[in-house]
Amino acid sequence: MSIKAPNPVDKYVGSRVRMRRIMLGMSQERLGEALGLTFQQIQKYETGANRISAGRLFEIAAALDVFDETEHVARGACVQAAAVLHGRAPDEIAAAWAAPAARTVEPRPGVDRDEIRSRYHLAAQ
């Protein structure tokens, strides 16, 4: 039985996660704690041994505080996807999401941006 090599895209995504984590001076253990994972799982993600799902990548991005740079891109993609799923115009979806009462989807426990910022003493931008 041969061992399957990591996909180059998985390795690249993992290397970017590692780069951002190191930039913030955060250990694999601290990132794992923020996400409810072990440092071994973070290590597997960073090496590309395990694939990162879209949902988990979103949580990692929140934990690594990258939304200040890319939130508008992620929000646009989410609006487009929701518009297709619900058969509505993207502007209608965006307007509904802009209303505070409409925000019913919360990230998994431990992925609260404000909590992560305070826990790791990150400045809000």
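Okay, here's what the table says:
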| read-out | value |
| --- | --- |
| Net length gained if the chain between residue 22 and residue 9 were fully extended (0.36 nm per residue, minus Cα distance) | 2.7 nm |
| Computed lengthening from residue 92 to residue 43, 0.36 nm per intervening residue step minus Cα-Cα distance | 13.6 nm |
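Readers should treat all values here as calculations from the given coordinates under stated rules, not as data from a laboratory. Everything quoted here is computed from the prediction, not taken from an experiment.
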